[in-house]
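All remarks here apply to the structure that follows.
The values are calculated or read from the model by the stated rules, or taken from the named source; none is laboratory data. All of these numbers come straight from a predicted model, not from anything done at the bench. Virtual Cβ from ideal backbone geometry, glycine too; neighbours counted across all protein chains shown. Surface areas here come from the heavy atoms of the whole protein model, side chains and all, with no ligands, DNA or RNA. Shrake-Rupley method; radii C 1.70, N 1.55, O 1.52, S 1.80 Å.
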Amino acid sequence: MPEMLASYVAGRWYTPPDGGVAVADAATGDPVAVVSSAGLDTRAAVDHARAVGGPALRGLTFPERAAALKALAAHLDSRKEAYYELSTSTGATRRDSAVDIDGGIATTFAFSGVGKREMPDGHLLVDGDAVIMGKEGTFAGRHFYTPLRGAAVQINAFNFPVWGMLEKLAPAVLAGMPSIVKPATQTAYLTAAVFRDIIDSGTLPEGAVQLICGGLGDLLDHLSGQDVIAFTGSAGTAAKVRGHDAVIKRSARFNAETDSLNCSILGPDAGSDSEEFGLFVKEVALETTVKAGQKCTAIRRAFVPAAVVDDVVSALRGRLERVVVGNPRSDTVTMGALVSLAQRDEVRGAVSALSRAAEVLVGDAERVDPVDADPQRGAFIAPIVLLCNDVDRAEPHEVEAFGPVTTIIPYASADDVVDLAARGSGSLVGSVVSHDPDFVRDVVLRTAAHHGRLLVLDRDCAAESTGHGTPMPQMVHGGPGRAGGGEELGGVRAVTHFMQRTALQGSPSAIARVLGAA
Ligand code: NAP
């Protein structure tokens with residue numbers, strides 16, 4: 001019988017007495033862990049964050065919090081082989097695990113750097129200069145940030161059990177706000193293993209982080225205006241949480257990162273022998289197969305000039321037919337499994353919905369022959385490419401197949417592609433792959449409002465580009481509309497999401513006495 005995951009609340013490990021939900025290995029179907037939060041004292045978790053974790057973190061200066069994050073990241077880095085092993089059960093290959101595990105640790109290091117280099121040596125973050133508002137110069141105002149006094153409840157999706165936790169936790173620690181981490185049940189065993197090391201490392205003060213494996217129960221009932229809910233997951237769950245009284249009536253701060261039909265646009269200048277053409281095909285293939293396409297930033301819509309559609313299809317087919325699907329424990333496998341059989345069924349359903357509007361050109365969602373694995377027990381699916389020639393169809397702009405699935409959509413002009421991009425109703429990321437400065441400028445400026453991040457990929461940056469699908473700690477992650485309307489990451493600004501911005505008004509000397517002369 002696999003282990004029941006323990007939660008960590010109010011300074012103690014808690015193992016529920018019930019049978020819980022069994023979670024299976026994505027590739028073999030063998031049980032990995034049992035998850036439950038039955039009987040967990042959610043009130044105690046919130047109280048502990050407010051009464052113990054908050055004061056302890058607020059007692060540290062920004063550089064001290066940054067140093068704690070650095071020590072934490074170094075500790076996790078020294079333990080990461082154990083995480084890689086567990087990560088295989090999520091269906092991840094070693095390359096996929098690196099994105100989650102090394103990506104999470106690197107993000108923690110990055111926020112340590114933000115705290116050390118970009119934040120003041122003290123407890124107060126002053127924002128901008130003082131503004132004189134009285135004619136005689138005796139009355140002024142200045143903004144400053146202080147940490148919120150509540151708990152930062154972090155609800156994460158299944159696809160990034162390590163990065164998802166650390167990318168929220170690191171800026172919260174730096175802000176001086178305690179975290180309550182709630183991983184998705186399906187991959188909670190990996191989050192729990194990393195979390196145990198966070199506690200064992202002793203790098204963060206008691207109460208700075210707590211963990212709830214399983215459902216949140218009535219926890220949201222205890223939240224109010226000094227608390228933050230940072231959510232990542234599906235739009236449907238986001239809507240439920242956003243509609244809770246904690247948010248609607250008591251103004252708990254709410255941030256959502258949800259699903260997104262991201263696009264990549266191949267420029268009309270990029271003929272099939274151009275460098276940009278090769279970059280585009282490589283990027284689409286990569287985004288389709290990394291984490292078996294279970295990335296919120298994956299390229300779901302590939303916009304291609306009508307004249308080169310056949311060339312793009314054939315180049316993509318060449319790349320994707322070389323992909324070896326199977327048990328990620330096998331050395332020859334280049335794409336692992338989806339996280340669960342239920343998720344595979346969801347993706348099959350989404351491909352079926354897409355194929356009402358588009359033709360499947362590469363792969364078959366119902367058939368795959370995985371290496372070293374039983375296709376009945378493991379959640380395998382082949383990479384799928386569809387082609388949608390009917391630009392009036394809504395499906396490619398509405399249906400998210402959260403797996404190795406992308407749809408090619410031909411376009412005729414810049415106006416056309418700008419309109420198509422907007423039909424995703426708001427995305428985390430878009431990319432423009434072109435070396436034509438006029439096309440790039442035109443498309444970027446007209447699509448920016450629909451995107452949290454835009455990548456211009458061309459021969460000049462390709463060697464160093466971090467790629468379409470990689471959120472960077474220095475840059476905004478989030479997007480309008482369907483993407484959730486939230487914002488994470490982005491350096492110091494990410495830290496301020498866990499703080500209150502206050503305008504202090506009074507005489508210049510009173511302001512200077514409170515905030516210092518900085
Ligand atoms: P999900 O089913 O919405 O679950 C997300 C989280 O919400 C899980 O921790 C889940 O816990 C929790 N949850 C479920 N019902 C809840 C409720 N009533 N109250 C509070 N929490 C609740 O999403 P998922 O299947 O894990 O993730 C896949 C989706 O996430 C995809 O659509 C993907 O696009 C999106 N995603 C977005 C980003 C981003 O950064 N924008 C990143 C990754 C994934 P349980 O697991 O215990 O049910």
**Message:** If you fit an axis through the alpha-carbon atoms of helix 163-175 and take the longest principal axis of the Cα set of the chain, what angle between them do you get, 0 to 90°, nearest 10?
**Reply:** 20 degrees
**Request:** For the range 1-70 and the range 335-396, write down the distance between their C-alpha centroids in whole Å.
**Result:** 34 Å
**Complete:** Between TYR14 and residues 5 or more places away or on another chain, the pairs with built amide H atoms under 5 Å apart involve SER7, TYR8, VAL9
**Fill in**
Among LYS80/LYS168; LYS182/LYS240; LYS70/LYS282, the pairs whose Cα-Cα distance exceeds 23 Å are LYS70/LYS282
**Complete:** If amide H atoms are modeled at 1.01 Å from N in the peptide plane, then the residues at a separation of 5 or more from ALA33, or on another chain, having amide H under 5 Å from its own are VAL23
**Complete:** In Å², rounded to a whole number, the accessible area per residue of the chain with probe 1.4 Å is 39 Å²
**Request:** Compute the separation of the alpha-carbon centres of the range 488-518 and the range 215-280 and state it in Å as a whole number.
**Result:** 27 Å
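So, R0 is 30 Å and r is the distance between the beta-carbons of VAL391 and ALA342; what FRET efficiency does that work out to, to 0.05?
Numbers: r = 33 Å, r/R0 = 1.09.
Working from the Cβ atoms, E equals 0.35.
Under the rule a/c < 1.5 gives rounded, and otherwise a/b versus b/c splits prolate from oblate, where does the chain land using the Cα gyration tensor? Write down the numbers at each step before the final one.
On the way: a/c = 2.02, a/b = 1.28, b/c = 1.58.
Note, shape of the chain comes out oblate.
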**Fill in**
The simple spin-label model distance between GLU136 and ALA235, using points 7 Å out along Cα→Cβ, in nm, is 5.7 nm
**Request:** Could you tell me what percent of the accessible area of the chain is made up of carbon and sulfur, with a 1.4 Å probe and every protein chain present?
**Result:** 51 percent
**Request:** For THR146 and SER78, calculate 0.36 nm times their separation in residues minus their Cα-Cα distance, and state this gained length in nm to one decimal.
**Result:** 21.2 nm
**Karplus (6.51, -1.76, 1.60) ³J(HN,Hα), θ = phi - 60°, over the range 332-339, in Hz, Gly and Pro reported as x** = 7, 6, 10, 9, x, 9, 5, 5
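Nothing charged except the Cβ atoms of Lys and Arg (+1) and of Asp and Glu (-1): what's the magnitude of the dipole of the chain about its Cα centre? Round to the nearest 20 debye.
On the way: 47 positive and 62 negative charges, 388 e Å.
Around 1860 debye, computed over the chain.
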**Request:** Using a cut-off of under 13 Å, list every residue of the range 63-89 whose amide N is near the label point 7 Å from the Cα of LEU124 along the Cα-to-beta-carbon line.
**Result:** none
**Asked** Once phi is turned into θ = phi - 60°, what whole-Hz ³J(HN,Hα) does the Karplus curve with 6.51, -1.76 and 1.60 give for every residue of the range 448-461, x standing for Gly and Pro?
**Response** 4, 5, 9, 9, x, 8, 10, 10, 9, 9, 8, 4, 6, 10
**Request:** Enumerate the calculated ³J(HN,Hα) couplings along the range 359-371 in order (Karplus 6.51 cos²θ - 1.76 cosθ + 1.60, θ = phi - 60°), each rounded to whole Hz, writing x wherever the residue is Gly or Pro.
**Result:** 9, 7, 9, 10, x, 9, 5, 9, 9, 7, 10, x, 6
**Fill in**
Between the alpha carbon centres of the range 72-136 and the range 398-424 the gap in Å comes to 32 Å
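Out of the range 248-340, which GluC sites (Glu not before Pro) are coil in DSSP terms and have no more than 13 other C-beta atoms within 10 Å?
Numbers: sites: GLU257, GLU275, GLU276, GLU283, GLU287, GLU321; in loops: GLU321.
Of the GluC sites (Glu not before Pro), the ones in loops of the range 248-340 whose Cβ has at most 13 other Cβ atoms within 10 Å are GLU321.
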**Complete:** Sorted by chain and number, the residues with a modelled amide H under 5 Å from that of GLU488, at a separation of 5 or more or across chains, are HIS477, GLY478
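Add +1 for every Lys or Arg and -1 for every Asp or Glu among the other residues with Cβ under 10 Å from the Cβ of ASP415, and state the total.
Values: positive: ARG446; negative: ASP416, ASP419, ASP442.
So the environment of ASP415 carries a net charge of -2.
Would you list ASP200, ASP374 from the most to the least accessible area, probe 1.4 Å?
Values: ASP200 100, ASP374 65 Å².
Per-residue accessible area, sorted high to low, gives ASP200, ASP374.
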**Prompt:** Rounded to the nearest 10 Å², what accessible area does TYR84 show when all protein chains are kept and the probe is 1.4 Å?
**Reply:** 20 Å²
**Complete:** Extension length gain for ALA6 and MET475 (0.36 nm per residue less Cα distance), in nm, is 165.4 nm
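Within the range 429-518, which trypsin sites (Lys or Arg not before Pro) sit in a loop by DSSP and count at most 15 neighbouring Cβ atoms inside 10 Å? Mind showing how you got there, number by number?
Values: sites: ARG441, ARG446, ARG453, ARG459, ARG482, ARG493, ARG501, ARG513; in loops: ARG459.
Answer in residue order: ARG459.
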